[in-house]
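Visitor: Below are the structure tokens for one structure; questions will follow.
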Amino acid sequence: MANNVFVLGAGASAGESLPIAPPMMQQFFDKEVLDKIYASAEAGGLRLPALENAFGDLIDWIRLRWGLLDPFGTAKWRSLNLEDVFTSLAIEQEFFGERSDQGSKAQLRLSELKNYISQVLALTTRGSGKFANYLVRNIDKDDSILNFNYDLLVDREFLPGPQNHYANFHWKILGTAFSALHEGNFSESGIYLKLHGSLNWHTCSSTKCPGAATVHVVGTNPHGKLDLEAFNDCLSATGPVWKQCKTCRSAITCFMIPPLVNKPVLENWVARSIWGHAFDTLVRAKNVVIIGFSFQPTDFYAQWLFRSALQANLQANVWIVNPLNDPNKSGHTDFESRMTQIFGQRCRFDFLRFEEIAKII
Ligand SMILES: [Zn+2]
């Protein structure tokens, strides 16, 4: 099999074989879920300040904006969607501009939110995922993976291996060779693309700095080897150790795109190239396997990408792997009709979970 494209969403990471699953979008402020994550970190010897203390300003701002009067993590906090918070802050920063007081406060809170997301994800996704491992070990050199998750579960499986997918990202997008060993003909082989950014992509927080226009991928080095220590720094619960831009000494921030805001995809050349290559990959795909990605009705950009790329490739088969394929699940009918609206009648709904990956491949 060749030219298969595997697409991973939050459901793929949440369904991994990990001691504690990373939260779904609507669980990031749910105290019951967070308490389990932090209790397990403490059992592992980590001492972390309470979230309300470490991220006090951010939490106060959310409380005010959403009118959440109950204690943090309880009542309506438990269904607050991370995408809404992320998007609101990104709009606020854009709207007021960095020269205004409100705009610069929004920028600081946006960094704080990225640190919050990084910490919660780092505490849950530090291990190796069995299904991500299986996928990476078994894909063909011409297959590609499009990942919408910030975590490093798939990255971890790619880095020590001989596959070209990770190197192709360096070569085709960033324009630098991942290593001398990888220089050569990449044009027709598969690629690993992260469409919403990544925990191990860092960028400068000062828009005046050339470092803000690009991403620095942490954990890979020019000799084609995994820099495990730097890679693990990105998954350290207290955040990356390397925190200053080498050019201007401003703070470093993770390169993450809020799912509902299109602007960074159009304006940042790295994001635009990634989405362009994702489009191209889908246009040439033979099979598209979408695991745990639900195409939220508000996620117009992802819907546009798949709908338009696959309209140019009517031969491609589309496999939807999602628990909502089960007719007994609530939300099944809406989900199936949304998928059919995006992909037409060719969708196959045979599989429910990432754990079935051995059967899927
Ligand atoms: Zn800088």
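The values are calculated or read from the model by the stated rules, or taken from the named source; none is laboratory data. Note that the structure is predicted; figures quoted are calculated from it, not measured. Virtual Cβ from ideal backbone geometry, glycine too; neighbours counted across all protein chains shown.
Visitor: Given the conditions (1) within 15 Å of the chain's Cα centre (by Cα); (2) buried (at least 21 other Cβ atoms within 10 Å of the Cβ), and given that residue 115 satisfies all but one, which numbered condition is not satisfied?
Guide: Looking at each condition in turn, residue 115 falls short on (2).
Visitor: Kindly check whether there is at least one residue in the stretch 82-91 that is aliphatic (A, V, I, L, M) and closer than 24 Å to residue 129 by Cα.
Guide: First, pick out the residues of the stretch 82-91 that are aliphatic (A, V, I, L, M): 82, 85, 89-91.
Next cut, closer than 24 Å to residue 129 by Cα only: 82.
Yes.
Visitor: Grab the strands (runs of 3 or more DSSP E) fully contained in the stretch 258-361, keeping just those with 1 or more residues being under 30 Å from residue 205 (Cβ atoms) and not β-branched (Val, Ile, Thr).
Guide: Numbers: elements: 287-291, 317-321, 347-351.
In the stretch 258-361, there are no strands (runs of 3 or more DSSP E) which contain 1 or more residues that are under 30 Å from residue 205 (Cβ atoms) and not β-branched (Val, Ile, Thr).
Visitor: As an exercise: evaluate residue 358 against (1) buried (at least 18 other Cβ atoms within 10 Å of the Cβ); (2) at pLDDT below 95 and give the number of the one condition it does not meet.
Guide: Only one criterion in (1) buried (at least 18 other Cβ atoms within 10 Å of the Cβ); (2) at pLDDT below 95 is unmet by residue 358, namely (1).
Visitor: With the structure loaded, tell me whether residue 51 is modelled with pLDDT under 95 and either surrounded by fewer than 20 Cβ atoms within 10 Å (Cβ to Cβ) or over 30 Å from residue 357 (Cα atoms) (or both) or whether it fails that test. Talk me through it step by step, then tell me what you get.
Guide: On the way: modelled with pLDDT under 95: yes; either surrounded by fewer than 20 Cβ atoms within 10 Å (Cβ to Cβ) or over 30 Å from residue 357 (Cα atoms) (or both): yes.
Answer is yes for this residue.
Visitor: State whether one or more residues within the stretch 255-272 are within 16 Å of the ligand (Cβ to nearest atom), at pLDDT 80 or above, within 26 Å of residue 136 (Cα to Cα) and touching a helix residue (DSSP H, G or I) at 6+ places or on another chain (Cβ under 8 Å).
Guide: So in the stretch 255-272, the residues within 16 Å of the ligand (Cβ to nearest atom) come out as 255, 268, 270.
Those left that are additionally at pLDDT 80 or above: 255, 268, 270.
Imposing the further condition that a residue be within 26 Å of residue 136 (Cα to Cα) reduces the set to 255, 270.
Subsequent filtering for residues that are touching a helix residue (DSSP H, G or I) at 6+ places or on another chain (Cβ under 8 Å) retains 255, 270.
Within the stretch 255-272, one or more residues are within 16 Å of the ligand (Cβ to nearest atom), at pLDDT 80 or above, within 26 Å of residue 136 (Cα to Cα) and touching a helix residue (DSSP H, G or I) at 6+ places or on another chain (Cβ under 8 Å).
Visitor: In addition: Does residue 141 fit the bill of being surrounded by fewer than 22 Cβ atoms within 10 Å (Cβ to Cβ) and modelled with pLDDT of 95 or more?
Guide: Working: surrounded by fewer than 22 Cβ atoms within 10 Å (Cβ to Cβ): yes; modelled with pLDDT of 95 or more: no.
Here the answer is no, as residue 141 does not meet what is asked.
Visitor: Any idea which residue in the stretch 203-219 is farthest from the ligand (Cβ to nearest atom), counting only those that are assigned to a loop (DSSP other than H, G, I, E, B) and under 23 Å from the mean Cα position of the chain (by Cα)? Outline the logic, then answer.
Guide: Step one: of the stretch 203-219, the residues assigned to a loop (DSSP other than H, G, I, E, B) are 205-209, 214-215, 218-219.
With under 23 Å from the mean Cα position of the chain (by Cα) added as a condition, the list becomes 205-207, 214-215, 218-219.
Details: 205: 8, 206: 5, 207: 9, 214: 10, 215: 12, 218: 15, 219: 20 Å.
Looking at the filtered set, the residue picked out is 219.
Visitor: Sticking with this structure for a sec: Hey, does the stretch 232-252 have a residue that's among the acidic types (Asp, Glu), modelled with pLDDT under 70 and away from the ligand (no atom under 16 Å from the Cβ)? Spell out how you get there, then give the answer.
Guide: Taking the stretch 232-252 first, the residues among the acidic types (Asp, Glu) are 233.
Right, trim to modelled with pLDDT under 70 and you get none.
No, every residue in the stretch 232-252 fails to be among the acidic types (Asp, Glu), modelled with pLDDT under 70 and away from the ligand (no atom under 16 Å from the Cβ).
Visitor: Suppose the filter is within 17 Å of residue 116 (Cβ to Cβ), among the small types (Gly, Ala, Ser) and surrounded by 18 or more Cβ atoms within 10 Å (Cβ to Cβ); does residue 90 pass it? Explain how you work it out, then say what you get.
Guide: Numbers: within 17 Å of residue 116 (Cβ to Cβ): yes; among the small types (Gly, Ala, Ser): yes; surrounded by 18 or more Cβ atoms within 10 Å (Cβ to Cβ): yes.
When the stated conditions are applied, residue 90 passes them.
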